[in-house]
Amino acid sequence: MPVRNMSEIVVLSGKGGTGKTSITSSLAVLAGNKAVIGDCDVDAANMYLLLEPDFGKTFEFYSGGLAVIDHDLCSRCGKCADVCRFNAISYINDQYRVNSLDCEGCAYCEKICPTHAIIMQERKSGCVYISETRIGSTMVHARLDIAAENSGKLVARVKNEARAIAARENKPYIIVDGSPGIGCPVISSLAGANYVILITEPSMSGLHDLRRIVTLIKKFRISAGCIVNKYDLNEEKTSEIKQFLQGEQMMHLADLPYDIHFTQMMIEGKTIVEFPSPLKYTLENIWEKVKKQLDIKDQ
Amino acid sequence: MKIAVASGKGGTGKTLLATNLAVFLSREQKILLVDLDVEEPNDFLFIDGKTENVSVQYKMIPAWDESKCTLCGICSETCQYHAVVQLGTVVVVFNELCHSCYACSELCPAQALPMQKHKMGEIKTIISGHLTLVESRLDVGVEQAVPLIRQTHALVDENYSDIQIQIIDCPPGTSCPVVAATKNANYVLLVTEPTPFGLNDLKLAVETIRKINKPSGVVINRFDIGNDAVERYCEREQIPILAKIPFDRKIAEGYSNGELVFDKIRQMTTSFGHIINAVQDAC
């Protein structure tokens with residue numbers, strides 16, 4: 001029997017704090033051992049708080065370089081500081097020094113240094129983990145080092161590991177929790193995605209940010225559906241969002257009410273679908289809808 | 001005095017705090033509010049003002065001049081980001097990977113990679129009474145936020161250095177855009193919520209702020225919805241809690257409609273007083 005294609009589902013929101021991680025974790029529980037989970041919100045990863053990964057395997061993530069000046073070889077000519085477009089090299093106490101937070105690793109200084117006093121050092125910028133979780137599925141997650149760059153590359157690494165596991169273990173789904181915003185980690189998480197679930201909230205900010213992420217998703221021609229979380233905090237805005245979705249021919253997956261249980265479950269380290277409630281039913285419904293969308297696309 | 005409003009976690013109330021604080025203070029004096037959440041700038045939704053100026057911002061990216069190129073391969077070897085790649089007899093530039101370091105362009109012996117302008121976003125100035133809002137907005141599809149954040153700092157320094165108090169609304173997270181946004185700040189306000197996610201991301205944000213060595217204090221938004229773990233953490237780490245804002249449907253509804261709420265919620269204006277005192281003491 002031919003193996004069904006693996007489907008990659010990415011959860012995004014544009015605006016932060018709309019409930020991405022709580023909802024993604026709930027979908028992960030509903031998908032059970034059919035899914036591999038990826039946490040691509042690499043600079044503020046939270047899924048581990050709900051899914052209890054065992055941090056079974058750790059890989060260090062190296063990306064980019066850092067200029068290092070050998071002060072014995074340096075002739076103090078200052079050419080390095082002249083060519084650096086990031087203003088990362090300054091002359092302090094008789095020495096040219098590199099500010100590691102500003103250096104973007106372009107190596108221009110290394111190339112033009114007449115006394116070869118600069119070398120590029122490989123820079124560790126985070127860790128990738130492959131874990132077994134309390135819900136029985138494998139999870140790939142990561143931690144970007146504080147103030148580090150290249151979050152897009154780390155996201156790509158997390159997704160590649162998740163794909164490899166899904167292919168090896170014949171899992172039909174990869175469920176990915178994305179970052180807020182529309183910049184490099186988000187664009188990186190969209191690469192290769194089959195379906196995007198957008199989580200928004202009924203506020204002017206929520207709608208404004210939704211418009212921007214929808215524009216981005218359309219550029220990539222990925223099909224998507226949207227959940228309005230805390231819809232009852234402003235029902236007028238909720239209907240505005242629905243009108244917007246209709247105009248964009250984007251599926252409205254569900255409305256979720258503001259419910260303090262989300263927070264209470266989070267404090268207990270559980271997801272909302274692990275206890276009977278109307279919310280659980282709605283989320284089950286969402287998961288069925290998403291699976292159906294993916295099946296339609298496959299045919 | 002430059003006050004950055006930041007948070008690890010998104011959606012904790014950065015924009016709520018930055019806009020309300022800025023407008024509140026602008027009743028007495030000139031205030032500059034800089035929206036550096038360039039991927040999703042929202043401050044303008046809360047400021048009713050007149051657009052004074054829009055300035056298009058460009059990123060410099062090399063363009064291949066086939067007629068001059070000798071196919072020596074130096075550009076391809078030089079670029080650390082794999083943004084300039086020689087494939088057979090063609091040099092391809094991947095704009096999104098380029099960091100605008102100029103190395104390939106200036107090291108090319110045949111001057112075959114001149115730098116060209118590419119639009120990456122816009123900086124808009126909106127005036128409302130004593131308040132000046134500078135909004136920095138990245139074009140959709142542009143990946144790198146940091147170059148635009150840097151250019152916004154430069155534009156602000158050039159044009160608005162006469163305004164004494166600057167409030168900077170930062171992007172969420174703990175990586176390079178936040179470091180770039182808080183670079184010139186004298187004080188960082190960390191907005192969080194009393195939940196496990198809020199606490200986890202606050203810890204990351206605190207590490208970031210310690211790395212860049214800035215004084216900081218915490219504002220707990222919706223302080224009554226979760227548990228006391230954030231407060232215990234702040235005590236342990238000796239980070240001052242400057243204000244606690246309650247969960248109040250009036251705040252949530254006002255915010256959702258693009259309204260300022262400080263004059264409806266007395267606790268907010270009291271909090272602003274504590275915040276300003278703490279910042280002044282620290283700076």
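Read the figures in this text as sums done on the coordinates, not as results from a lab. Values in this document were obtained by computation on a predicted structure and should not be read as measured data. So basically every Cβ, Gly included, is an ideal-geometry build from the backbone, and we count neighbours across all protein chains shown.
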- By DSSP, what percent of the beta bridges with both residues in the protein assembly as shown are antiparallel, rounded to the nearest 5? 45
- Item | Karplus 3J(HN,Hα) series, Hz, for segment B:205-221 with 6.51 cos²θ - 1.76 cosθ + 1.60 (x for Gly, Pro) | 5, 4, 4, 4, 5, 5, 5, 8, 6, 10, x, 8, x, 10, 10, 9, 8
- With both partners inside chain B, how many of the DSSP beta bridges are antiparallel, as a percent to the nearest 5? 45
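Assign one of three labels to the protein assembly as shown, namely rounded, prolate or oblate, based on the Cα gyration tensor with a ≥ b ≥ c the square roots of its eigenvalues; rounded applies when a/c is under 1.5, prolate when it is not and a/b is larger than b/c, and oblate otherwise.
Values: a/c = 1.60, a/b = 1.15, b/c = 1.39.
Since a/c reaches 1.5 but b/c is at least a/b, the shape of the protein assembly as shown is classed as oblate.
Just for chain A, what percent of DSSP beta bridges are antiparallel, to the closest 5? The partial results should precede the final answer.
On the way: 22 of 49 bridges.
Antiparallel: roughly 45 percent of the beta bridges in chain A.
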- Query: Cα atoms only, segment B:64-113: Rg and Dmax in Å?
  - Reply: 9.6, 25
- Note on the structure: Mean 1/r over distinct Cα pairs of segment B:47-181, inverted to a Kirkwood Rh in Å, yields 17.0
- Size of segment A:27-71 along its principal axes in angstrom, Cα-based, largest extent first? 58, 20, 17
- Task: When a/c is below 1.5 the answer is rounded, else prolate if a/b is larger than b/c, else oblate, so apply that to chain B with a ≥ b ≥ c taken from the square roots of the Cα gyration tensor eigenvalues.
- Result: prolate
- Final fewest-first order of A:Glu268, B:Glu28 on the 10 Å Cβ neighbour count is B:Glu28, A:Glu268
- Point-charge dipole on Cβ atoms (K/R +1, D/E -1) for segment B:4-116, about Cα centre, debye to 20: 200
- Relative contact order for segment B:64-113 using alpha-carbon pairs under 8 Å, separation at least 6, rounded to a whole percent? 44
- Note on the structure: Rounded to the nearest whole number, the per residue volume of the convex hull around the C-alpha atoms of segment A:167-253 in Å³ is 104
- Query: Along the positive direction of the dipole of chain A (beta-carbon charges: Lys, Arg +1; Asp, Glu -1; about the Cα centre), which of A:Ile272, A:Ile296, A:Cys109 reaches farthest?
  - Reply: A:Ile296
- Message: Tell me which cysteines of chain A come out unpaired when the rule is another cysteine's Cβ under 4.7 Å.
- Response: A:Cys40, A:Cys74, A:Cys77, A:Cys84, A:Cys103, A:Cys113, A:Cys127, A:Cys184, A:Cys226
- Query: Going by the alpha-carbon gyration tensor, a ≥ b ≥ c the square roots of its eigenvalues, is segment A:189-299 rounded (a/c under 1.5) or, if a/c is not under 1.5, prolate (a/b greater than b/c) versus oblate?
  - Reply: oblate
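Could you give the size of the charge dipole of chain B about its Cα centre, using +1 on the Cβ of each K and R and -1 on the Cβ of each D and E, expressed in debye and rounded to the nearest 20? The partial results should precede the final answer.
Numbers: 26 positive and 34 negative charges, 84 e Å.
Dipole about the Cα centre, nearest 20: 400 debye.
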- Could you pull the Rg and Dmax for segment A:64-124, using just the Cα atoms, both in Å? 10.2, 30
